[in-house]
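Below: the structure, in structure tokens.
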Amino acid sequence: MQNASNIFGAARLGYTVIGSERLAEWRRFAVEAMGMHLAPSGDDELALRLDRHARRLIVQRDSAEDIIAIGMHLDSDDVLQAVTARLYAAGVSTQYVDGAAAAARGVTDFHRFTGPKGMQIELFTTPLIDETPLDMRCSGFVTGAGGLGHLSLMTREPGRTIEFWQEVFDARVSDTIELAAGGREVMQVTFLRLNERHHSIAVAATQGIHIDLFRTRIQHLNVEAKTLDDLGAAYARCRDLGYKLTRTIGQHPNDRELSFYVTTPSGFEMEMGWDALTVEESTWTAGLSYNQMSTWGHDIPGRLSTELGVGHLYRGIRSLGQKEYFPW
Ligand SMILES: [Fe+2]
């Protein structure tokens with residue numbers, strides 16, 4: 001039986017739900033550019049498979065143009081009870097969902113609550129499995145014990161957000177990246193792991209005054225391709241199909257993942273990576289910090305030195321007047 005007193009290793013990102021009116025654009029992007037498998041989908045949704053799970057990415061018709069929910073895949077009912085008990089102790093109740101609404105997530109049932117930044121977090125133990133062979137422009141995606149890729153988000157509440165993942169899911173800090181400009185630290189990114197994947201959640205915060213430069217709840221969603229050929233071919237397809245590549249292929253110093261970034265039809269970015277490091281707990285060196293986002297590559301096409309546009313700065317200033325949702 002799972003030791004419910006510490007659930008590290010027993011939770012992973014299972015699925016993401018995106019709200020968008022641009023279903024046809026999302027279909028073209030996900031299937032033709034990113035190479036995902038189009039699963040049977042209703043009129044007002046788009047469902048995508050990356051593996052045996054019936055649904056890994058779900059786009060539902062909604063005006064948000066943002067990620068609206070994530071599914072956290074838990075190992076067992078004991079783990080689920082541990083998580084809901086922690087939430088309850090913090091004053092957060094969960095709502096139980098089953099039937100058609102759960103099937104629309106590709107799970108038998110789930111318990112949901114509103115997490116940091118107003119993102120729905122849906123706890124489930126049992127995915128629906130589809131054994132139909134995958135038909136996709138990619139030899140495969142890496143999921144398994146580490147789950148579906150990772151999320152990266154900017155927050156005005158970095159301390160509370162990190163604590164949230166530590167207290168509810170026993171997240172561990174893998175390492176940090178601290179970026180400086182003009183001799184001053186301007187941004188810190190904390191990489192949180194829930195399992196063998198180097199990070200499932202990356203929490204970015206400006207230093208000094210915390211501002212949020214992004215309209216969307218996440219800056220990017222990462223998926224991990226199986227082979228280097230898959231990564232290169234997806235990059236070429238994104239370019240040939242006219243998608244906006246925001247970072248060329250490069251490598252991060254901490255998870256060593258080779259990756260590129262592209263803007264999705266909803267405005268946030270998707271990172272496709274390959275060969276992300278798997279953490280071995282017994283030999284992992286905690287507390288490391290890096291001072292650059294990339295060891296090579298990850299250039300920003302079409303721009304000389306800055307990745308921040310006027311829109312980002314406007315949103316950043318405006319965010320100062322907006323309270324960021326936190327569940328307690
Ligand atoms: Fe990433």
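Being touching a residue at least 12 places away in the same chain (Cβ under 8 Å), of a type outside the set (A, V, I, L, M, F, W, C) and touching a Ser or Thr at 6+ places or on another chain (Cβ under 6 Å) narrows it down to one residue among Thr155, Thr114; which is it? Give the steps one after another, and end with the answer.
On the way: Thr114 fails: touching a Ser or Thr at 6+ places or on another chain (Cβ under 6 Å).
Result of the check over Thr155, Thr114: Thr155.
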Legend entry - Criterion (under 19 Å from Val59 (Cβ atoms), assigned by TED's automatic domain parsing to the domain that holds Tyr290 and not polar (S, T, N, Q)) met by exactly one of Leu151, Leu179, Leu192, Leu134: Leu151
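Looking at His298, His220, His312, can you tell me which residue is within 22 Å of Gly182 (Cα to Cα), in the same structural domain as Thr190 (by TED's automatic domain parsing), within 16 Å of the ligand (Cβ to nearest atom) and within 21 Å of the chain's Cα centre (by Cα)? Give the derivation first.
Details: His220 fails: within 22 Å of Gly182 (Cα to Cα); His312 fails: within 16 Å of the ligand (Cβ to nearest atom).
Of His298, His220, His312, the one residue that is within 22 Å of Gly182 (Cα to Cα), in the same structural domain as Thr190 (by TED's automatic domain parsing), within 16 Å of the ligand (Cβ to nearest atom) and within 21 Å of the chain's Cα centre (by Cα) is His298.
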Legend entry - Residue selected from the range 122-157 under the condition within 16 Å of the ligand (Cβ to nearest atom) and outside any loop (DSSP other than H, G, I, E, B), by the criterion farthest from Ile70 (Cα to Cα): Phe141
Legend entry - Number of positions in the range 110-138 that are closer than 13 Å to His73 by Cβ and surrounded by 13 or more Cβ atoms within 10 Å (Cβ to Cβ): 10
Inset, instruction - Check Glu280 against each of (1) in the same structural domain as Ile211 (by TED's automatic domain parsing); (2) assigned to a loop (DSSP other than H, G, I, E, B); (3) within 21 Å of the chain's Cα centre (by Cα); (4) charged (D, E, K, R) and name the one condition it does not meet. - result: (3)
Inset, instruction - Select, from Glu178, Glu131, the only residue that is more than 30 Å from Leu213 (Cα to Cα) and more than 19 Å from the chain's Cα centre (by Cα). - result: Glu131
Inset, instruction - Any residue in the range 16-31 that's crowded, with 17+ Cβ neighbours inside 10 Å: show its pairings with residues that are aromatic (Phe, Trp, Tyr) and not in a helix (DSSP H, G or I) at Cβ separation under 8 Å, as long as the two are six or more apart or on different chains. - result: Phe29/Tyr243
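Residue-wise test of (1) surrounded by 23 or more Cβ atoms within 10 Å (Cβ to Cβ); (2) free of Cβ contacts under 8 Å to residues at least 12 places away in the same chain; (3) more than 14 Å from the ligand (Cβ to nearest atom).
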| site | (1), (2), (3) |
| --- | --- |
| Ala171 | yes, no, yes |
| Ala180 | no, no, yes |
| Met187 | no, no, yes |
| Ser200 | yes, no, no |
| Ala204 | no, no, no |
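The values are calculated or read from the model by the stated rules, or taken from the named source; none is laboratory data. The model shown is predicted, which means the values in this text are computed figures rather than measured ones. Methodologically, a virtual Cβ is constructed for each residue, glycine included, from the backbone with ideal geometry; neighbour enumeration extends over all protein chains shown.
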